[in-house]
């Protein structure tokens, strides 16, 4: 029985990261218990995904991503996780920042840029000039154009048939006929990425959607975004493109709007939809994590863009811009953000230790 448990534990470790052999053996040799039994699904996951590297990586990303959620979110997601919390915590510790030979974190997004907002220094980048579809990251520009126009935030707008997505037939929790203030439309567009809310904001702009799109592109030009183009207010159109380098500038600009900071980082919000109360949740689980201090957040996804995430977050007491584009798996963008955070914190610790070893200046 001990041999069988040892094999199961080692198979589970294979998918989740390289845990020290002694730790794996110690876990396998513990007396049979509920926690030990729960490790078996992890082994089954390892065996099932061994021939599928993409799924294997996404499974590891799922473990890392969960580390950034609040305790209540971790408990909720535990019910659908393959591995036990014990195995997951061990895996997160084992994965660590996943650094390469140069000491940089191994991020799984196809294009990214991490920059110090205060100084403009680029800490990490890969394919940062590649022009890619940005999906709902578009809504940050939508919000800036709406706020720049100084339209009444208290004015009531109605979701019309024109606001329904006929390009991708995406679902929405806001039915046609819903009447909400411009402020609530903006909040839902930023927080829960409601496409109909974003469409209604553009339709109710002076001159309608064509004028709104022109204003979006003018704003992009004024911000010095050279590889950025917009064709709609939602991001459903794959012609909405940008680069990681441009998006660092765009997120930095968006962070100067108090309402964008507030609405994009609201964890949840209840609105009345035709007399019925409905709660909307943020598409970025990290805004609820006590380990993160996030100033601006926006997620995005269409098939052409892959999973995307942009944030302004305070790390090492500095405002950092994180842009992660074209992540292949469901959890990769959040896991990559976790890797960046852990890497920065680890680097800071190393610098502090090195300073202490050098001793006081003479």
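Quick rundown of the values:
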| read-out | value |
| --- | --- |
| Residues located in the stretch 217-228, provided they are surrounded by 16 or more Cβ atoms within 10 Å (Cβ to Cβ) and closer than 17 Å to residue 132 by Cα | 217, 220, 225, 227, 228 |
| Scan of the stretch 264-288 for residues that are touching a residue at least 24 places away in the same chain (Cβ under 8 Å) and in a loop (DSSP other than H, G, I, E, B), ordered by number | 265, 266, 274, 282, 283, 284 |
| Only one of 128, 181 that is under 18 Å from residue 273 (Cβ atoms) and assigned by TED's automatic domain parsing to the domain that holds residue 276 | 181 |
| Residue 147 at pLDDT 95 or above, in a loop (DSSP other than H, G, I, E, B) and out of contact with any strand residue (DSSP E or B) (no Cβ under 7 Å at 6 or more places or on another chain) | no |
| Tally of residues being assigned to a helix (DSSP H, G or I), surrounded by 20 or more Cβ atoms within 10 Å (Cβ to Cβ) and on the phi > 0 side of the Ramachandran plot across the stretch 191-210 | 0 |
| Hey, residue 261 part of a helix (DSSP H, G or I), at pLDDT 95 or above and either under 19 Å from residue 199 (Cβ atoms) or in the same structural domain as residue 340 (by TED's automatic domain parsing) (or both) or not | yes |
| Flag for residue 272 being surrounded by fewer than 20 Cβ atoms within 10 Å (Cβ to Cβ), more than 26 Å from residue 157 (Cα to Cα), assigned by TED's automatic domain parsing to the domain that holds residue 315 and more than 13 Å from the chain's Cα centre (by Cα) | no |
| The stretch 307-328 - residue that is in contact with a helix residue (DSSP H, G or I) (Cβ under 9 Å, 6 or more places away or on another chain) and part of a loop (DSSP other than H, G, I, E, B) and, of those, surrounded by the most Cβ atoms within 10 Å (Cβ to Cβ) | 328 |
| Qualifying residue in the stretch 214-233 (condition: under 30 Å from residue 177 (Cβ atoms), without any contact (Cβ under 8 Å) to a residue 24 or more places away in the chain, assigned by TED's automatic domain parsing to the domain that holds residue 179 and not in a loop (DSSP other than H, G, I, E, B)) | yes |
| Single residue of 247, 286, 344 found to be under 15 Å from residue 112 (Cβ atoms), crowded, with 22+ Cβ neighbours inside 10 Å and assigned by TED's automatic domain parsing to the domain that holds residue 222 | 247 |
| Among the residues listed as 244, 202, the single one being touching a residue at least 12 places away in the same chain (Cβ under 8 Å) and over 21 Å from the mean Cα position of the chain (by Cα) | 202 |
| Selection from the stretch 289-306 of residues that are touching a residue at least 60 places away in the same chain (Cβ under 8 Å) and crowded, with 19+ Cβ neighbours inside 10 Å | 289, 292, 296, 298, 299, 300, 301, 302, 305, 306 |
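The values are calculated or read from the model by the stated rules, or taken from the named source; none is laboratory data. A quick note: this is a predicted structure, and the numbers were derived from the prediction, not measured. Don't worry about glycine lacking a Cβ; one is built from the backbone with ideal geometry, like all the others, and counts go over all protein chains shown.
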